[in-house]
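A short worksheet on the structure shown next.
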Amino acid sequence: MTLSERNLYIKCALVFEVLLFICMAIIATLLLLKKQDILSLYAELARPLQPDFLNQFAVCRENTTALILQQVLFPLYSSLLLFTVYFLFEKTYVIDISFFIFFALFIGLESIKLLIPLFNLWTFFPDSVRFISRLLHFFRMLGIFVLVVGTIFIDTPFSRRVTPILFSLSFLSFAMTAITPFNTSFFRFNFLTSDGLNSITTNIFIFFTFIIFITYFIAGKTKGAKAYITASWSITLLLIGYFLTLYTANTIFFLISNSFFILGSYFYLRSIHSYNLWL
């Protein structure tokens, strides 16, 4: 992937995410204004896994507005990340940023969950819920994979063959999704099937987050670059925020998860940009 090709990918992805954001904002408005009964059931089914005593606090109770607003924010965040990357790295080829743009793209696709309450799919078309579940699982796995691979090549004179690697990672993510059992009778806010399966996917996410942190941290130590050490902490904060946004169903989760995501994104991109600016 050349620099011009990467910038073209960013532009195309940015247009897609902006259009997706507009569509999801319209859908969210329709849901909040006209389908409160379905939203109430949606929030009840998507109840967060938390101790009962927390429900006595207003900020910990189910909040359909936060639940819906979070889905709209996914393509908005994706658009902002893509725009920022293009603005900061338009004339600079950075291998980990070249993979990061695909992660930013995949985040926005989380918003397609709004199609489920819009059309009441879990009641009338459970197979569609299963399809959306697999699609989300595929892109979540692929998103964390591209971040891991991007960090691996920080210290190596790697060629710019990003597209073939992305293609191979897609097969790996597809294979993991294909062997994952889904059951629409168990409906949660991340649409996976059982506590055991949720534990597996959570552990995978935590493991690769740790790998990304360690890789950036070691790169910072070996290069003597404080920017990479900052990047190790900030991208970890970003991924924690992203993971928590998947479980947003109340006000406190909404505020914490989005704060983590925004701060992590800001410090990560700033640290990578500052390091490459002074090379």
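For the list (1) in contact (Cβ under 8 Å) with a residue 40 or more places away in the chain; (2) farther than 17 Å from VAL85 by Cβ, I need the number of the one condition that LEU269 fails.
That leaves (2) as the condition not met.
Pick from ALA219, ALA175, ALA225: which is of a type in the set (A, V, I, L, M, F, W, C), at pLDDT 75 or above and either more than 27 Å from MET1 (Cα to Cα) or surrounded by fewer than 14 Cβ atoms within 10 Å (Cβ to Cβ) (or both)?
Every option except ALA175 fails the conditions.
Each row is one residue, and each column tells you yes or no for (1) out of contact with any Pro (no Cβ under 9 Å at 6 or more places or on another chain); (2) over 22 Å from ILE152 (Cα atoms).
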| position | (1), (2) |
| --- | --- |
| ILE204 | yes, no |
| PHE207 | yes, no |
| TYR216 | yes, no |
| LYS221 | yes, no |
| ALA225 | yes, no |
| ALA231 | yes, no |
| THR245 | yes, yes |
| THR248 | no, yes |
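Confirm whether ARG140 is of a type in the set (Lys, Arg), free of Cβ contacts under 8 Å to residues at least 60 places away in the same chain and either open to solvent by 10 Å² or more (accessible area, probe 1.4 Å) or out of contact with any Phe, Trp or Tyr (no Cβ under 6 Å at 6 or more places or on another chain) (or both).
Numbers: of a type in the set (Lys, Arg): yes; free of Cβ contacts under 8 Å to residues at least 60 places away in the same chain: no; either open to solvent by 10 Å² or more (accessible area, probe 1.4 Å) or out of contact with any Phe, Trp or Tyr (no Cβ under 6 Å at 6 or more places or on another chain) (or both): yes.
Considered against the rule, which asks whether it is of a type in the set (Lys, Arg), free of Cβ contacts under 8 Å to residues at least 60 places away in the same chain and either open to solvent by 10 Å² or more (accessible area, probe 1.4 Å) or out of contact with any Phe, Trp or Tyr (no Cβ under 6 Å at 6 or more places or on another chain) (or both), ARG140 comes out as no.
Would you point out the residue of the range 236-279, among those that are of a type in the set (Phe, Trp, Tyr) and over 13 Å from the mean Cα position of the chain (by Cα), that is most open to solvent (accessible area, probe 1.4 Å)?
Restricting attention to the range 236-279, the residues satisfying the condition of being of a type in the set (Phe, Trp, Tyr) are 242-243, 247, 253-254, 260-261, 266-268, 275, 278.
Keeping just the survivors that are over 13 Å from the mean Cα position of the chain (by Cα) gives 253-254, 266-268, 275, 278.
Details: PHE253: 64, PHE254: 35, TYR266: 124, PHE267: 76, TYR268: 1, TYR275: 50, TRP278: 202 Å².
Ranking the candidates gives TRP278 first.
Residues of the range 65-80 being among the hydrophobic types (A, V, I, L, M, F, W, C) and either in contact with a Cys (Cβ under 7 Å, 6 or more places away or on another chain) or open to solvent by less than 30 Å² (accessible area, probe 1.4 Å) (or both), which ones? Before you say what the answer is, go through the steps one by one.
Let us first name the residues in the range 65-80 that are among the hydrophobic types (A, V, I, L, M, F, W, C), namely 66-69, 72-74, 76, 80.
Those that are among the hydrophobic types (A, V, I, L, M, F, W, C) and either in contact with a Cys (Cβ under 7 Å, 6 or more places away or on another chain) or open to solvent by less than 30 Å² (accessible area, probe 1.4 Å) (or both): ALA66, LEU67, ILE68, VAL72, LEU73, PHE74.
Which of the numbered conditions does PHE182 fail, given that it passes all the others? Conditions: (1) under 20 Å from the mean Cα position of the chain (by Cα); (2) hydrophobic (A, V, I, L, M, F, W, C); (3) open to solvent by less than 40 Å² (accessible area, probe 1.4 Å); (4) modelled with pLDDT under 75.
(1)
Those residues that are more than 19 Å from the chain's Cα centre (by Cα) and at pLDDT 55 or above, I need them from the range 185-216; list them, please. I'd like the intermediate steps shown before the answer.
Applying the first criterion (more than 19 Å from the chain's Cα centre (by Cα)) to the range 185-216 yields 185-187, 193-196, 214-216.
Scanning the range 185-216 gives SER185, ILE214, THR215, TYR216.
Within the set of pairs 6+ apart or on separate chains, which have a first residue in the range 235-256 that is at pLDDT 90 or above, a second that is open to solvent by less than 10 Å² (accessible area, probe 1.4 Å) and not in a helix (DSSP H, G or I), and C-beta atoms under 6 Å apart?
none
The values are calculated or read from the model by the stated rules, or taken from the named source; none is laboratory data. Nothing here was measured: the structure is a model prediction, and the numbers come from that model. Heads up, the Cβs are rebuilt from the backbone with ideal geometry, glycines too, and the neighbour counts pull from every protein chain shown. Each accessible area value is taken on the protein alone, full model and side chains, heavy atoms only, with ligands, DNA and RNA left out. Shrake-Rupley method; radii C 1.70, N 1.55, O 1.52, S 1.80 Å.
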